1. In the stretch 36-50, what count of residues is obtained for those that are over 14 Å from PHE85 (Cα atoms) and outside any helix (DSSP H, G or I)?
2. Might you let me know whether the stretch 150-169 holds any residue that is aromatic (Phe, Trp, Tyr), touching a helix residue (DSSP H, G or I) at 6+ places or on another chain (Cβ under 9 Å), modelled with pLDDT of 95 or more and closer than 27 Å to ILE3 by Cβ?
3. Return only the number of the condition from (1) assigned to a loop (DSSP other than H, G, I, E, B); (2) of a type in the set (Gly, Ala, Ser); (3) more than 30 Å from ALA14 (Cβ to Cβ) that ALA72 does not satisfy.
4. ALA69 - would you say it is more than 27 Å from SER151 (Cα to Cα) and surrounded by fewer than 13 Cβ atoms within 10 Å (Cβ to Cβ)?
5. If you go through the stretch 156-165, how many residues are surrounded by 15 or more Cβ atoms within 10 Å (Cβ to Cβ) and under 14 Å from TRP30 (Cβ atoms)?
6. Just give me the residues in the stretch 75-95 being surrounded by fewer than 10 Cβ atoms within 10 Å (Cβ to Cβ) and not in a strand (DSSP E or B), in sequence order.
7. Residues to consider are ALA123, ALA146, ALA162, ALA101; find the one that is among the aliphatic types (A, V, I, L, M) and touching a residue at least 12 places away in the same chain (Cβ under 8 Å).
8. Among all residue pairs at least 6 apart or on different chains, which show Cβ distances below 6 Å where the first residue, located in the stretch 36-64, is under 22 Å from ALA90 (Cβ atoms) and the second is in a strand (DSSP E or B) and small (Gly, Ala, Ser)?
Amino acid sequence: MSIMSLWLPIVASAAAIWLFSALVWTVFPWHKSDFEKVADQDAVRAALQGNAPGYYSVPYYCNKSQDDAAQAELKSQYDEGPVAFITVTASGWPQMGGRMAKIFLYYLLVGCVCAYFVSRTLAADAAYLSVFRIAGTTAFCSYGMAYFQDSIWFGRPWSLTAKSLFDALLYALITGGMFGWLA
């Protein structure tokens, strides 16, 4: 079995996940509580004005060696809080077209990774459940495992990681099903 022979399950699973993820984020209720409002939104917005799109930390710490006074001040800032990791995106109403295209490309990439593992571990006449198991497990790992490190290192709430893992499980079931059916 070659990766190219799996083009149909790659594209079909990407399309199915793309449609299903739209339902997850617009219709189903479990992501409605993912974000909270800061205490003084206007002050936070004003404080962030002028920062280019990027990923920021407060307090800021760089790994350059610092003298004891700088270390003590930094420790004091951490102890005082808040500690935050902030993503700043471009100003303006979110343009969904480009993001929707990029996420579809990501789903295609996951499908290609699944096709790689299926094509390298199974024969062309493999049973549905064998294909489902390999593609589904690969999809679950691709869609879900990185959230753990965000919770461990950057304080992403574990409840959000759990919801994302649930999404990853649903996406994996769809991907495994498409590959099992169409491979």
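The values are calculated or read from the model by the stated rules, or taken from the named source; none is laboratory data. No experiment lies behind these values; they were computed from the predicted model shown. Positions of Cβ are backbone-derived with ideal geometry, glycine not excepted, and every protein chain shown enters the neighbour counts.
1. Looking only at that region, the number is 6.
2. Checked the stretch 150-169: no residue is aromatic (Phe, Trp, Tyr), touching a helix residue (DSSP H, G or I) at 6+ places or on another chain (Cβ under 9 Å), modelled with pLDDT of 95 or more and closer than 27 Å to ILE3 by Cβ.
3. Here ALA72 clears every test but (1).
4. So ALA69 fits the description; yes.
5. Count: 5.
6. Selection gives ASP79, GLU80, GLY81, THR89, ALA90, SER91, GLY92, TRP93, PRO94, GLN95.
7. ALA123
8. These pairs meet every condition: VAL58/ALA84.
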